[in-house]
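What follows is one structure encoded as structure tokens, with my remarks underneath.
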């Protein structure tokens, strides 16, 4: 029977061969399209005598960037200017994500609170923030900064060493001291020690059933070790105080109005979405789980940590990832309020060099990189928190 | 098989779409209007008035091109563009000509693939500061926070100026002119830097214009001119000689009011200019009445200047460098012959 069938079916009717043929066809089409688009673009650019290639990255940028984590001046290259922009994007995304997680979790849990006022307030916050476009929120926070706060000469000075004015928030920082390096080092060691301690305590509890007060001990190590190092160096207390000099404050550290407005806008907006994600996650765990946990004598902290969260996180983590990506991508709205993020610097670069295609390609690459690494990390975390069935 | 067919069709469409053989003049004639890129809001150069009609020196320059091409100054559509958008919009053929206080530079002429025609406003960069700051020279701006538009030569000149003078500064770069003005007037920056004409325009929209002064230093040369794409010489000639015609008419004493009378003039250069003696329009690929139409409908350069930015407007700018060469200015048209 089989032999007859294979004889009868000609190869062009063989589904397997046809499948391969179609797929090869699609790949060829795609390659042709890609080749066509690239070569046509190059041809057109050449016809208009517009420069191509990435050699501009090594040329002097000749423009200044408002704030930078690394040293930069207009004598540096376009490449360095773009790195400055990328670092600024990273800075605002990193702090934005941290604060969003904190605020979002708080609001999400508040909404489930049995206290009527707390849950209503959380609901109000979520509904209002979710439904106002983030760009408007950015404009609003930026305007609050420059319209409400006084000029540097009349800056608000609520506590010693802290100034609020329309140039930003300027605050005193500890003067540079050799102790800081060692304090940072000791913090690292303390974190590592706490990690190992936790593993050890878990193992011990699993084998002997003996409980170890891991939270308090770790907190003690993490806070205590750097303080001990600080005391060892004679407790250096000198502060770098900001002082009004000429047009602006010298000394101390400054958070610019652009940065604060961007951070506030992004955090308040995204936190509303995160709150809903958290609420959904917690509500997905059936009440019976809580009741069962209580009935075997777990305390309410343990109920949350050992029963509710491990199950809720499975639901929370995947949509949380996309909210983090949203925040990173929305940070490109910085352009509207003058924060020098990557898009802002790249836009200036595009305009000064005239090479939009390269510039846009760089923008896409950088955001893709940020997003892919965020989601790679979150996927790893997701795998970890997935329910492990025994 | 279906997907293959679709691919082939798409490829074929793209292949033909990519090739456009017609020049800009033919394209413009085919669609019946000129798409001009302008500034979204610089008083005196291009800004919609309270009736929604565009007004200003750059806008009128674009109208003059429409008058030259179509014999109708109304056949132009304005597309407001930010400093960052303007060059890509021209490169990608979204607009036919850019009349948006754009400075002629070597890079823009070469690697950006653009051509600047005759200058329609000679400008220079300055600083606008609040009076209460107590500053009377740009050299006193050490440590200042400076509001500046991105994607401009202004941004580069400011960096050069502060670097060259060994002064510290902090730029605040906002793309939207209105947003930038708001931030400056609210005190986000100590000073605003831009071309002097634009500073005058920005001051005129301040809550209290009298509270601000323009510092005496002019730190750059800013020849502002309309821009077209590389590689279309005919269109370049038309736009170039439209600007020159505005200047030439002023020099010849032809205004929108006396242009009809001037048709009867016996002076050979006026007869050539207005097309009474034919030839010049045809050489450009236009009607011989092209210059007549420009002057009749838009006016000469002096008229445009006076009604847009001159001493009797809110800007109150003197002719200065923008006077005719015969009056000690830089406005000088090539001979019309």
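Please treat every number below as a calculation from the coordinates, not as lab data. None of the values given here were measured: they were computed from a predicted structure. With ideal geometry, Cβ positions are generated from the backbone for all residues, glycine too; neighbour counts draw on all protein chains shown.
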For residue B:137 and residue B:163, extending 7 Å from Cα along the Cα-Cβ vector and measuring point to point gives, in nm, a value of 2.4
Chain A, Gaussian network, Cα under 10 Å: of A:329, A:203, A:47, the residue fluctuating most is A:203
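Using a 10 Å cut-off around each Cβ of peptide A:32-43, what is the average number of partner chain Cβ atoms that fall inside? Intermediate values should be presented prior to the final figure.
Values: counts 3, 4, 0, 0, 5, 3, 0, 1, 5, 1, 0, 2.
That works out to 2 on average.
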Contour minus end-to-end for residue A:128 and residue A:27, with contour as 0.36 nm per residue of separation and end-to-end as the Cα-Cα distance? 31.6 nm
For residue A:94, put the label point 7 Å out on the Cα→Cβ axis and report which residues of segment A:158-200 keep their amide N under 16 Å from it. A:184-185, A:188
I'd like the FRET efficiency for residue A:136 and residue B:50, computed as 1/(1 + (r/R0)^6) with the beta carbon distance as r and R0 of 30 Å, rounded to 0.05. 0.70
Rounded to one decimal in nm, the spacing of the 7 Å Cα→Cβ label points at residue A:243 and residue A:329 is 5.0
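Rounded to the nearest 5, what is the percent of antiparallel bridges among the DSSP beta bridges in chain B? Intermediate values should be presented prior to the final figure.
Working: 18 of 34 bridges.
The antiparallel fraction comes to roughly 55 percent.
Taking 0.36 nm per residue of sequence separation and subtracting the Cα-Cα distance, how much length would be gained by fully extending the chain between residue A:309 and residue A:295, in nm to one decimal? Each step should come with its number before you reach the end.
On the way: separation 14, 0.36 × 14 = 5.04 nm, distance 1.78 nm.
Fully extending the segment from residue A:309 to residue A:295 adds 3.3 nm.
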Test of understanding: what is the full-extension gain from residue B:107 to residue B:258, defined as 0.36 nm times their sequence separation minus their Cα-Cα distance? 50.2 nm
Kirkwood Rh over Cα pairs of the protein assembly as shown into Stokes-Einstein at 4 °C, 1.567 mPa s: D in µm²/s? 42
Over chain B, consider all pairs of different Cα atoms and compute the Kirkwood hydrodynamic radius from their mean reciprocal separation; express it in Å, one decimal. 21.4
For segment A:20-90 and segment B:304-323, what is the centre-to-centre distance using only Cα atoms, to the nearest Å? 43
Ratio for segment A:24-142, C-alpha Rg to 2.2 N^0.38 Å, reads 1.79
Within 10 Å of each residue's Cβ, count the other Cβ atoms and sort B:290, A:116 from fewest upward. A:116, B:290
From largest to smallest, what semi-axes in whole angstrom does chain A give when each is the square root of 5 times an eigenvalue of its alpha carbon gyration tensor? 43, 39, 23
Segment B:250-302 to segment B:136-184: how many Å between their Cα centroids? 44
Taking 7 Å along the Cα-to-C-beta vector as the label spot, tell me the residue A:365-residue A:47 distance in nanometres, rounded to one decimal. 2.7
Please express the Cα-Cα pair-distance distribution P(r) of segment A:2-47 as a list of whole percents, one per 5 Å bin, running from 0 to the bin with the greatest distance. 5, 19, 13, 13, 10, 9, 8, 7, 6, 4, 3, 2, 1
